[in-house]
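The values are calculated or read from the model by the stated rules, or taken from the named source; none is laboratory data. All of these numbers come straight from a predicted model, not from anything done at the bench. Cβ placement follows ideal geometry from the backbone for every residue including glycine, while neighbour counts extend to all protein chains displayed. These area figures cover heavy atoms from the full protein model, side chains too; ligands, DNA and RNA do not enter into them. Shrake-Rupley method; radii C 1.70, N 1.55, O 1.52, S 1.80 Å.
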Amino acid sequence: MAKYKITMLPGDGVGVDVMRAAKLVLDGLKFDAEYTYGHIGWEFWKAEGNPLPSRTKELLEKCDACLFGAITSKPKEEADKELAPRLRGEGLVYSSPIVQLRQEFNLRTNLRPCKAYPGNPLNYQEGIDLVVFRENTECLYAGLEYHPVPDDLRDVIKKHPRFKKFADVPQEDMAISMRVITRQGAQNIIRDAFEYAKKFGYKTVTVVEKPNVIRETSGMMVREARKVAEDYPGIDLWETNIDAQCMWLVKNPQDYGVLVSSNMFGDIISDLAAQLIGGLGFACSGNIGDNLAVFEPTHGSAPKYAGQQKVNPIAMILSAKMMLDWLGENDAAQRVEKAVTDVINEGYIRTYDMGGSDTTMDMARAIAYKV
Ligand code: IPM
Ligand code: MG
């Protein structure tokens, strides 16, 4: 029997291409795993009205870790139009399967390392080595949204002194999305960020919020960060506002180590950080819970490149590397990272984003050959 059970969820579009690429590298390592491929994505929305069928969730309950490619999401009108005719008008509502996975398996920590590998022609600047910790289940992603605003909710907020401004707005002309931060959620993500800083020698953890305006939720993140920081004497806690942090990341990206934020700001800042180190072709991520972890490239399914063997698989291959680390296969993980570093630095293989014309599998083969 193989040492690990890995669920592979290629999903849509280029998710399929990059998953094949990552598998080639894992095979190059002789990684001792049994792989099961599961169903997820737009195809299953169209045919079954559910992009995350329950058989896929069952697979996830039984595996050690999961690799996930990418999924296509379309706006409401298109989603309804593409449903199989027999399912239309049944009140089915599309909801992003990756967000569902994060919620249902409580994958509460989203970890996104962004390193400028030497010799990458797309590096914004050299020497960038950032890690974004993003709380993955709360905040504006908690799904507590209302339109029109129901009577009981309106009755509650009516008592708020600031409600005066909205007193005459009809309920159907108002939408509310709630930003929820729990103390436990804040503590968990901040502690994860500090532990990571300690383990990998980062000198600072920056909590990125907006407590001067969003006083309660961002305020709770910052207040909890101050408490957690006391347990890590060698690591400085920096506090920044999300808007200024975006500017400073463009100005002095090398100044930062570990960044930690709530779900929505973490989403935004991780795309910004990804672009600093070459864009989505290099941005890997892990969604980590207590019992399951799902590793995925930060990029989407890029439908226009689907099946063309064009996109850069490095983000997916580095996500597989993160999975190896999470499983405790640190030696194998290091071999993958070294191979990626060497291939980037040597510069013989360049996918289209890097200005070349090598294919997804050319890049994968070059990396697999070196592991
Ligand atoms: C990400 C993506 C997702 C998110 C989308 C696809 C729902 O942008 O993983 O960063 O918003 O979290
Ligand atoms: Mg995002």
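Things worth noting here:
- Charge dipole of the chain about the Cα centre (unit charges at C-beta), most positive-ward option of T351, P75, C246: C246
- Comparing mean-square fluctuations of I157, I242, I317 from a GNM of the chain with C-alpha springs under 10 Å, the top value falls on I157.
- Computing FRET efficiency as 1/(1 + (r/R0)^6) for L144 and Y305, where r is the C-beta to C-beta distance and R0 is 56 Å, gives about 0.95.
- Extension gain, Q184 back to K227 (0.36 nm per residue minus Cα-Cα distance, nm): 14.2 nm
- Here segment 159-247 is assigned +1 on the Cβ of each Lys and Arg and -1 on the Cβ of each Asp and Glu. Its dipole about the Cα centre then comes out at about 240 debye.
- Extended-chain gain in nm, criterion 0.36 nm per residue less alpha-carbon gap, S177 and E346: 56.0 nm
- Bridges between two residues of the chain, per DSSP, are antiparallel at a rate of about 40%.
- Formal net charge of residues neighbouring H299 (Cβ-Cβ distance under 15 Å; K, R +1; D, E -1): -3
- Distance between the C-alpha centres of segment 51-119 and segment 192-267: 28 Å, rounded to the whole angstrom.
- Model label zone, K74; criterion: amide N under 19 Å from point 7 Å along Cα-to-beta-carbon; scope segment 24-52: 40-52
- All other residues whose Cβ lies under 14 angstrom from that of Y232 are scored, Lys and Arg at +1 and Asp and Glu at -1, for a net of 0.
- Largest-first principal axis extents of the Cα set of segment 18-63 (Å): 38, 23, 8
- Here each label is just a point 7 Å from Cα along the line to Cβ, and for F200 and V93 those points are 3.7 nm apart.
- Once the Kirkwood radius over Cα pairs is known for the chain, the Stokes-Einstein relation at 20 °C and 1.002 mPa s delivers a diffusion coefficient of 98 µm²/s.
- Efficiency of FRET between A244 and R86 - r from beta-carbon atoms, R0 41 angstrom, step 0.05: 0.20
- Per-residue surface analysis assigns L67 an accessible area of about 0 Å², computed on protein heavy atoms at 1.4 Å probe radius.
- DSSP H segments from the chain that extend 27 Å or more along their own axis, Cα-based, with Kyte-Doolittle mean of -1.0 or above: none
- Shown here for segment 199-258: GluC sites (Glu not before Pro) in loop regions (DSSP other than H, G, I, E, B) with at most 15 other Cβ atoms within 10 Å, namely E216, E230.
- Ranking by accessible area, most exposed first, for R108, R162 with a 1.4 Å probe: R162, R108
- For R154, the shell of other residues with beta-carbons less than 15 Å away shows a net charge of -2, using +1 for Lys and Arg and -1 for Asp and Glu.
- Charge dipole (debye, nearest 20) of the chain; +1 at Cβ of Lys and Arg, -1 at Cβ of Asp and Glu: 180 debye
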